[in-house]
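J.: What follows is a single structure, and I will ask about it in a moment.
Read the figures in this text as sums done on the coordinates, not as results from a lab. Every value quoted in this text rests on a predicted model; they were computed, and no experiment measured them. Positions of Cβ are generated from backbone atoms using ideal geometry, with glycine treated the same way; all protein chains shown enter the neighbour counts.
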Amino acid sequence: MDLISRIGQHFQDSAQTKLDASEMLAAPIAQAAELMVGCLLGNGKILACGNGGSAADAQHFAAELVGRFEMERQGLAAIALTTDSSILTAVANDYGYPAVFDRQVRALGQSGDVLLAISTSGNSASVIEAIHAAHDNELHVVALTGRGGGEIAGLLRDTDVHICVPSERTARIQEVHLLTVHCLCDGIDCLLLGVEE
């Protein structure tokens with residue numbers, strides 16, 4: 001095995017996937033950033049959830065908003081629903097794992113808030129339940145998916161935003177999801193701070 005060539009191929013595949021996705025995803029990413037800014041300006045908050053690598057993306061997003069991305073500004077209201085081990089384990093134990101985000105969205109989400117729902121396959125049961133809870137509580141949903149969007153694609157409403165990476169490979173989808181998180185953070189900052197360039 002030529003490991004150097006294999007690594008190089010990963011870089012090429014990742015770059016090509018991002019380039020292929022850029023034209024398709026730019027508009028929904030911009031729409032999502034505008035939706036999130038409207039939420040934040042209305043004293044709302046953004047709740048983020050996902051499993052595994054998607055949990056890491058949810059936490060990364062919340063950290064960039066509460067802390068800062070690249071520009072200095074006040075902290076913005078964002079909560080990753082993936083971080084409280086006591087809530088996660090209590091809810092999973094008492095209600096089953098699919099309820100771990102659902103219960104939190106129902107407890108914390110209010111009309112006008114936004115749920116950032118991340119699932120590479122679009123079929124994660126816990127994320128699907130969170131979307132149902134978000135709709136019940138009148139939250140908007142921004143869904144980050146891949147592989148055609150899976151079951152999540154059929155759940156979204158006209159007022160939601162679907163950012164679906166055109167790839168079947170989990171690693172490539174996750175790489176575009178991370179770039180999307182950074183685009184969202186940058187877009188939010190530009191809209192809030194009035195950046196022209």
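J.: Enumerate the pairs (first residue in the range 1-21 and within 16 Å of Val165 (Cβ to Cβ); second residue anywhere and among the hydroxyl-bearing types (Ser, Thr, Tyr)) with beta-carbon separation below 9 Å, excluding pairs fewer than 6 apart on the same chain, so at least 6 apart or on different chains.
T.: Matching pairs, first to second residue: Thr17/Ser167; Asp20/Ser167; Ala21/Ser167; Ala21/Thr180.
J.: Kindly check whether there is at least one residue in the range 15-28 that is within 23 Å of Leu139 (Cβ to Cβ) and either of a type in the set (A, V, I, L, M, F, W, C) or in contact with a Phe, Trp or Tyr (Cβ under 9 Å, 6 or more places away or on another chain) (or both). Lay out the reasoning, then the answer.
T.: Residues of the range 15-28 within 23 Å of Leu139 (Cβ to Cβ): 25, 27-28.
Filter again for either of a type in the set (A, V, I, L, M, F, W, C) or in contact with a Phe, Trp or Tyr (Cβ under 9 Å, 6 or more places away or on another chain) (or both), leaving 25, 27.
Yes, the range 15-28 has at least one match.
J.: Look at the range 2-50 and say how many of its residues are among the β-branched types (Val, Ile, Thr), within 25 Å of Ile188 (Cα to Cα) and part of a helix (DSSP H, G or I).
T.: Number of matching residues: 3.
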